[in-house]
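A.B. asks: Let me give you the structure first, and then I'll get to my questions.
The values are calculated or read from the model by the stated rules, or taken from the named source; none is laboratory data. On a predicted model such as this, the values are computed, not experimentally measured, just so you know. As a convention, Cβ positions derive from the backbone with ideal geometry for all residues, glycine included, and neighbour counts pool all protein chains shown. Only protein heavy atoms, including side chains, enter the accessible area calculation; ligands, DNA and RNA are left aside. Shrake-Rupley method; radii C 1.70, N 1.55, O 1.52, S 1.80 Å.
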Amino acid sequence: MRTRIASELNRSLADVFGNTGETFATAVNRAINQAISHYESQPFRWNQVRRSEWATSTAYTPNVSLPADFIAMNRLEVIYSGRYNEIQRGTLDEVDELNYQPSLTSVSVALPSRYAIENNVVILAPPTNVARTIAASYIRRYLPTSITDSTTTKIVFAGSLSMTV
């Protein structure tokens, strides 16, 4: 894309651009990344994931970390008896109310009835009583590009963990 833009503008990617001394390739790359960032939450056919089985819930634990490339949830399902069972989205207050008990083992069920998203975590309510596979249909984030066509970014997970890609 950088080469095509340079060709259409009759420029070389190595040309100096503006008074900062940066190359034309750097300026074009910055504009591409700004466009990716601006449109990333819009649903397009290439940025939607369908039924990604990205996590397994832990018995009696309501929190499940979201995928690293997550932007917005379209549908959340739990696999139970070989079938996809949709979980309805609720508010954080609804989920907290369902999960408010002295012990989560007293309210756990085979299939959660609600979920909410807070920060980088899906909160199931009530939590499952055994480990279950979670499947999500969601809008995913693309990594920003560098001038060398590679992607370099730091992805922050829930807690203090991070991963450099």
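A.B. asks: I need the phi-derived Karplus couplings for the stretch 38-45: 6.51 cos²θ - 1.76 cosθ + 1.60, θ = phi - 60°, integer Hz, Gly and Pro marked x.
C.D. replies: 5, 9, 4, 8, 7, x, 10, 5
A.B. asks: In addition: Expected output is a single nm value to one decimal: the length gained when fully extending between residue 3 and residue 61, i.e. 0.36 nm times separation in residues minus the C-alpha distance. What is it?
C.D. replies: Gain on stretching residue 3 to residue 61: 15.9 nm.
A.B. asks: In whole percent, and with a 1.4 Å probe on the protein chains, what portion of the accessible area of the stretch 65-134 is carbon and sulfur?
C.D. replies: 44
A.B. asks: Okay, next question. Please list, ordered by chain and number, the residues whose modelled amide H lies under 5 Å from the amide H of residue 80; skip anything fewer than 5 residues away on the same chain.
C.D. replies: Here 85 satisfy the definition.
A.B. asks: Oh, and also: Classify the stretch 1-83: rounded, prolate or oblate, from the alpha-carbon gyration tensor (a ≥ b ≥ c, eigenvalue square roots; a/c under 1.5 rounded; otherwise prolate if a/b is larger than b/c)?
C.D. replies: prolate
A.B. asks: If R₀ is 25 angstrom, what is the calculated FRET efficiency for the pair residue 120 and residue 51, using the beta carbon separation as r and rounding to 0.05?
C.D. replies: Working: r = 20 Å, r/R0 = 0.82.
E between residue 120 and residue 51, to the nearest 0.05, is 0.75.
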